[in-house]
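Input: a single structure, listed below in structure tokens.
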Amino acid sequence: MTKINTVGVIAAMQIEIDALKARLENSETVTISGIDYVSGMLHGKKVIAAKCGIGKVFAAICAQTMIIHFAPDCIINTGVAGALNKELHICDIVVGEKTVQHDMDTSPIGDPVGLVSGINVVFFENDKNVADVICKSAEKLGFAHRRGIIACGDQFVADSATKEKIVKNFGADACEMESAAMAQACYINNVPFGVIRAISDGADDGANMDYPTFAKIAAEKGIALTDEFIKNI
Ligand code: SAH
């Protein structure tokens, strides 16, 4: 098990990361390709926090840049997500066990849906130690959480048909738009990766109403858990 001294934290949106950036002591900001990387100390660890922007392309660019420029010992993606599993309620936490790109699809020519060709991966396995520490941290905070499969794609899921298709294809518990792209960058660079996502909506017909109502409070839970993770890792 690698000793974790430097933790990279990436989120898509300001509401998912700004409060963490503000907690970093002696912070410095480096801007690369328009993304601010704020580094500083928290609970005796070096932390690099970045807001990547929405979607898989920004997520991959940010993770790759963070790896090359700051060499973190692990990267955590924190943020909000739509629930696919009926057991998940607003503000519950999903701890990513695996991530998959649900919109990656070369199946018409015989590949499994979700396959990232070349590296031949459908499910990116998250680091087990990182996931264990996230779960322990959630227990300490008394946050309802479950380990699960997170499906990621360049699409805000807000209808039952799309939701059911993603569940049928991948058995996923939650959906969002960035984690599996970061997972791919971490995979090709051998960097341990973990995902913390708090439920902001049900990825169904009500999602367009729930998301604006609950995204901020869910995002804050993700930040609180990320902070506790940094303390415990
Ligand atoms: N223009 C908006 C876009 C937000 S997209 C903006 O810039 O704020 C929604 C974000 O929340 C994405 O980062 C995604 O990862 C996450 N998310 C929450 N619920 C989702 C859902 N039902 N489907 C897909 N992504 C979701």
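The values are calculated or read from the model by the stated rules, or taken from the named source; none is laboratory data. None of these values were measured; they are calculated from a predicted model. Note that we place each Cβ from the backbone using ideal geometry, even for glycine, and neighbour counts take in every protein chain shown. All accessible areas refer to the heavy atoms of the entire protein, side chains included, with ligands and DNA or RNA removed. Shrake-Rupley method; radii C 1.70, N 1.55, O 1.52, S 1.80 Å.
Just to check your reading of the model, which residue among Thr29, Thr6, Thr99 is within 18 Å of Ile199 (Cα to Cα) and of a type in the set (Ser, Thr, Tyr)? Walk me through how you get there before you give the answer.
Values: Thr29 fails: within 18 Å of Ile199 (Cα to Cα); Thr6 fails: within 18 Å of Ile199 (Cα to Cα).
Answer to the selection: Thr99.
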- Message: Suppose we filter the stretch 16-39 for residues that are within 16 Å of the ligand (Cβ to nearest atom), over 24 Å from Ala131 (Cβ atoms) and touching a helix residue (DSSP H, G or I) at 6+ places or on another chain (Cβ under 6 Å); how many remain?
- Response: 1
- Item | Scan of the stretch 176-192 for residues that are open to solvent by less than 10 Å² (accessible area, probe 1.4 Å) and of a type in the set (A, V, I, L, M, F, W, C), ordered by number | Ala180, Ala181, Met182, Ala183, Ala185, Cys186
- Task: Specify which of the listed residues (Gly110, Gly142, Gly118) is open to solvent by 10 Å² or more (accessible area, probe 1.4 Å), under 30 Å from Met41 (Cβ atoms) and more than 15 Å from the ligand (Cβ to nearest atom).
- Result: Gly142
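Filter the stretch 1-33 for residues that are among the small types (Gly, Ala, Ser) and touching a residue at least 40 places away in the same chain (Cβ under 8 Å) and give the result. Talk me through it step by step, then tell me what you get.
If we filter the stretch 1-33 for residues that are among the small types (Gly, Ala, Ser), which is where we start, we get 8, 11-12, 19, 22, 27, 33.
Gly8, Ala11, Ala12, Ala19, listed by residue number.
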- Return the total of residues in the stretch 197-219 being open to solvent by 90 Å² or more (accessible area, probe 1.4 Å) and in a loop (DSSP other than H, G, I, E, B). 1
- Message: Give me the residue from the stretch 40-95 that is more than 10 Å from the ligand (Cβ to nearest atom) and of a type in the set (Lys, Arg) and, out of that set, most open to solvent (accessible area, probe 1.4 Å).
- Response: Lys86
